[in-house]
Amino acid sequence: MALLAATVWAQAPGANYDEAKVGNFTLPDPLRMQSGQMVKDAATWRTKRRPEILRLFEETVYGRTPAARKIEYEMVNQAKDALGGKATRKQVTVWPVGRPGPTMHILMYLPNARKGAVPVFLGLNFGGNQAVQPDPAIAITKNWVRPPRHSKETRATEASRGAEASRWPVEMIVSRGYGVATVYYGDLFPDNKDGLPDSIIPKMYKPGQKARAPEDWNAIGAWAYGLSRALDYLEKDTDVDAKRVAVLGHSRLGKTSLWAGAQDERFALVISNNSGEGGASLARRNFGETVERINTAFPHWFNDNFKKYNTRVNDLPVDQHMLIALIAPRPVYIASAQEDQWADPKGEFLAGKGADPVYRLLGTDGMGAAQWPGVHQPVMTRIGYHLRAGKHDVTNYDWDQFIKFADRHMPKR
Ligand code: GTR
C-alpha cells in the first residue's frame, strides 16, 4: 500500500504538512443533539444521540447499509497441525448475502494450546488470504486483485503467497492465546472505481432498484458488512468466544474496521491502524490527505453525499471523533505512525481525544493522555493510542500493543 500512497502523495502537491497552516476549526460537540439539546446522561446518549450520529454518518459519509441477510457457510477444510502443530487452521466459505450468491472466504488460525473458546482478532486483508501466510494449503483468491508493480495482472498467482505475512504475525498472536481470522476485502467489493457491478452491493438492491441513491453505501460499507457477516460465522464456531472478537484493519481497512465497529456493537474491541482521512483522523484538520483528495482518488469508497463536502468540510454535521464515540463504551485503539504524515497522526490522536467526553459520560476512563504522546509511549486507557516510529504499515510493534490492549480490556475468562 505504501506504493499507492506514495503515488497519490506525489499527485497531491497542494497537501499541507505545516502545523502552523492547519488553521482554526471547531468540532461538533458529540454531546449536543442536532436540536441543540445537551446530552447529560447515558440513557439519552444511548437512545437519542448515538442513533442520531449513526444516521448522520450513514447519510453524509459511509452510506446506509441495507438490513443484513442471513449467512450460510461451509467448512472447506480444517488442519490441526498448522504452524508446526501450534495452531488449527480453518478455511470457511460464507455466503454473505444468501445462497446462491457471492462468496467470501474466512481463513482462521486458532491456538491449539487453548482451553475452551478463544478470543479472536478479525480483519480484512489486501491481497487475498494466500498473502497472509506462506502456507501452500491456503486457497488462492480467484477474485480481482490489485496488479503488482509494473504489471497489469489482476489475478493472484503463487508468487503472492505470504506477500502480506509481515502484517499478520500469526505465530505471535496464537502464542499469546488469541485466534486470528481474515477475509480478502475483494470478496466484498473489488477495490477500484469500476468495482461496483462485481461487488455485493447490486446483489442487495431492492426489487426493481437499478442504481445507488446518494446516501447509499459504497466500498467501505460493503467491506464493513463483510466483517459483520464474518462475525455471524464466528458466533457459530464453538472454538471461538464471539463475545471477545476484536475487529481491526490497516489504512483503508482501518477506516473500515472503525465503521464496522461503530455499526455493529457485537464487536468487543475496535482497532484502527494508520486509518487516516475518513478513518480516525479529523476531517476538519487541514493536514495531509483531505476529504476532496480522498473522494477524487477513491470515488468508490464513501457515499455520493460525502463528495458535497469536498470543499466545505466545516459544514459536515460530524467529524471523526464522533465515529470513535459511536464505539463507546467499548475499548478502541488508534495506532499512528510517525512517517505516515499523509494520515495526520496528530489528527488521529485528536479524534480519540474528542471522543473522551462520551467515554467518560459512560463511566470509563476515556483517553488517558492530555497531550499527543511521543513516539513509543502507548496509552492503554479505554481509548488507547500509540505513535510508532516508521512508515505506513502494520508491524510487530503495533501487534504487541494490540495484544496488550486486548489483554487488558478483553480479559481472559
Ligand atoms: C492511500 C489513501 C489513504 C489510505 C491508503 C491505503 O492512497 O490516500 O487514505 O487509505 O491509501 O489504504 O493504503
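If you put +1 on each Lys and Arg Cβ and -1 on each Asp and Glu Cβ, how big is the dipole of the chain around its Cα centre, in Debye rounded to 20?
Details: 55 positive and 44 negative charges, 165 e Å.
About 800 debye.
Excluding same-chain residues fewer than 8 positions from Lys346, which aspartates and glutamates have a Cα within less than 20 Å of its Cα?
Excluding near neighbours in sequence, the set is Asp18, Glu19, Asp29, Glu277, Glu289, Glu292, Asp319, Asp356, Asp393, Asp398.
Only four residue types carry charge here, +1 at the Cβ of Lys and Arg and -1 at the Cβ of Asp and Glu. Report the dipole size of region 228-294 about the Cα centre in Debye, rounded to the nearest 20.
Working: 10 positive and 10 negative charges, 53 e Å.
In debye, rounded to 20, region 228-294 gives about 260.
Show which lysines lie in cross-link reach of Lys80 when reach means a straight Cα distance below 18 angstrom and same-chain residues fewer than eight apart are skipped.
Leaving aside lysines fewer than 8 places away in the same chain, those within reach of Lys80 are Lys90, Lys115.
Between region 168-189 and region 76-112, what is the C-alpha centre distance in whole Å?
About 11 Å separates the Cα centre of region 168-189 from the one of region 76-112.
Looking at region 171-276, how many pairs of lysines come closer than 30 Å at the Cα, when each pair is eight or more places apart or spans two chains?
12
When only C-alpha pairs under 8 Å and at least 6 residues apart count, what is the relative contact order of the chain, in percent?
Details: 890 pairs, mean separation 68.2, N = 413.
Here the relative contact order equals 17 percent.
Against the 2.2 N^0.38 Å scaling, with N counting residues, where does region 50-409 land? I'd like the Cα-based Rg ratio to two decimal places. It would help to have the intermediate numbers written out before the result.
Values: Rg = 19.1 Å, N = 360, 2.2 N^0.38 = 20.6 Å.
For region 50-409, the normalised Cα radius of gyration is 0.93.
Could you work out the relative contact order of region 327-413, using alpha carbon pairs under 8 angstrom and six or more residues apart, expressed as a whole percent?
Details: 125 pairs, mean separation 30.6, N = 87.
Taking the mean separation of contacting Cα pairs over the length of region 327-413, I get 35 percent.
Write down the accessible area per residue of the chain in Å², having rolled a 1.4 Å probe over the full set of protein chains. Can you show the working numbers first?
Details: 16370 Å² over 413 residues.
Accessible surface, normalised per residue, equals 40 Å².
Using a Cα-Cα cut-off of under 17 Å, which aspartates and glutamates could be cross-linked to Lys152, ignoring same-chain neighbours fewer than 8 residues away?
Excluding near neighbours in sequence, the set is Asp191, Asp194.
First compute the accessible area of the chain with a 1.4 Å probe, then give the percent of it belonging to carbon and sulfur atoms. Provide the component values of the computation, followed by the final result.
Values: 8590 of 16370 Å².
Here it works out to 52 percent.
Among Gly354, His392, His376, whose Cα projects farthest towards the positive end of the dipole of region 345-413, with charges put on the beta-carbon of Lys, Arg (+1) and Asp, Glu (-1)?
Most positive-ward Cα: Gly354.
Trypsin sites (Lys or Arg not before Pro), restricted to region 207-262: which are DSSP loop and have at most 13 other Cβ atoms within 10 Å? Please report the intermediate quantities before stating the final value.
Working: sites: Lys210, Arg212, Arg229, Lys236, Lys243, Arg244, Arg252, Lys255; in loops: Lys210, Arg212.
Within region 207-262, the qualifying trypsin sites (Lys or Arg not before Pro) (loop, at most 13 other Cβ atoms within 10 Å) are Lys210.
The values are calculated or read from the model by the stated rules, or taken from the named source; none is laboratory data. Just so we're clear, the structure is a prediction, and the values are computed from it rather than from any experiment. Cβ atoms come from the backbone with ideal geometry, glycine included; neighbour counts cover every protein chain shown. Side chains included, ligands, DNA and RNA excluded: accessible areas come from the protein's heavy atoms. Shrake-Rupley method; radii C 1.70, N 1.55, O 1.52, S 1.80 Å.
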